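The values are calculated or read from the model by the stated rules, or taken from the named source; none is laboratory data. Being a predicted model, the structure only gives us computed values, none of them experimental. Neighbour counts run over all protein chains shown; Cβ positions are idealised from the backbone, glycine included. What goes into the accessible areas is simple: the full protein's heavy atoms, side chains included, and nothing from ligands, DNA or RNA. Shrake-Rupley method; radii C 1.70, N 1.55, O 1.52, S 1.80 Å.
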Amino acid sequence: MIYLDYQATTPLAPEARDAMLRWLDGPGGTGFGNPHSAHRMGRQAKAAIELARDQVAALLPAGGRVIFTSGATEALNLAIRGSGEGGTVSYSAIEHSAVGDTAQAAGKSHVLNVASNGQCNTKQDLPADTRLVCVMQVNNEIGTIQPTIEWHRKAKQHNALFLCDAVQAYGRIEVTGADMIAISAHKFHGPKGVGALWLRDGVDLHEVQTGGGQEFGLRSGTLSPALIAGMGAAAAEAKDRMEQDRDHIDALWTRARALFGDWTLNGSEDARWPGNLNIRRDGLDVNRLMSDVRDVMFSAGSACASGSGRPSHVLKAIGLSDREAKSSIRLGFGRYTTMEEIEEAAGKINAAAEAQEL
């Protein structure tokens, strides 16, 4: 099989797997201790977590702390719900549902519009009572890079906090400044089930789930040394090979754009992460295409919306009709994708798409 769905999840890095194994020991081992226990095994597990915390923080801005969570969804919930009550939460129309649905559930919310190129323009007004602005750095469906620096500045001008979903940016490009940043390990070759919220020094949150208060009194629950060690190792590997990965993905992008030259690109050609190719073809039946090309793993939208039958809210936000949105596919590639896989996948997808037109 050819895997081209890197926005949904990424293959586990060997370095991350190796880091996890010690902390999965069964009877007779020493790696299964509770990191919140005071004895030797507990202290060893805690030390592994603190090492990983430093490794994760190395790719985030200075002047903040890393709070481990079960993933980005929990991190975003903690940021939105824990940062205050009252006032409006303003978020871009192309945010992940973990932001949009949570903002709506938390109280008053306001949707920021997005241009046809997939970027959220800072010239639009914020409601006067905005307490939190949420704009992601790289969109998960179309790969467009957002003007997060400008949005952070605008949030400050309104005495509001700025939350950045950096799930698709972390480990790939420099993460820009914010008051809060959410990341997820399995998007940068770490394990599933672990993520983090970075919190700028001086920003106060209140806990949204009560219990033991293990993470700075803000996030209760026993931490997993294995998952967190894997996340830390994946972060360290991403840091070491960021330039190498980017060069490889640029080459894959250039080749893929040529191979799919007669398809229409969704979103900006330039202001985007090149590992995300979201394209459409008039009249394409995407469900039939996915059935005809079963050995190529790609997406008809974000993994969270697949199977819903609804057009992508991101593609609708940039002005596509229902028909255009439903004729779009997303190809995601990265560190472990080969040029041969891109070429073979393009051949199969193009042949199946052309067969629909006969």
Fill in the blank from the handout: Averaged per residue, the 1.4 Å probe accessible area of the chain, protein heavy atoms only, in Å², is roughly 42 Å²
Handout entry: Positive minus negative residues near Met290 (Lys, Arg vs Asp, Glu; Cβ under 13 Å)
Key = +1
Completion exercise
antiparallel share of DSSP beta bridges within the chain, to nearest 5, in %, is 55 percent
Practice task
With a 1.4 Å probe and every protein chain kept in, tell me what percent of the accessible surface of the chain is carbon plus sulfur.
Solution key: 49 percent
Handout entry: Length added when fully stretched, Ala105-Leu358, from 0.36 nm per residue minus Cα-Cα
Key = 86.3 nm
Fill in the blank from the handout: Restricted to region 81-186, the DSSP antiparallel beta bridge percent, nearest 5, is 5 percent
Problem - Rounded to whole Hz, the Karplus (6.51, -1.76, 1.60) HN-Hα couplings of region 321-334, x for glycine and proline - result: 6, 4, 5, 5, 4, 7, 9, 10, 10, 10, 10, x, 9, x
Problem - Ile349 - accessible surface, heavy atoms, 1.4 Å probe, Å² rounded to 10 - result: 0 Å²
Fill in the blank from the handout: With Leu76 itself left out, Lys, Arg at +1 and Asp, Glu at -1 over residues whose Cβ is under 11 Å from its Cβ give -3
Handout entry: Value of [θ]222 nm, deg cm²/dmol, for the chain, DSSP H segments ≥ 4, -39500 (n - 2.57) each, nearest 500
Key = -11000 deg cm²/dmol
Fill in the blank from the handout: Expressed in angstrom and rounded, the centroid-to-centroid distance over alpha carbons for region 1-39 and region 227-261 is 20 Å
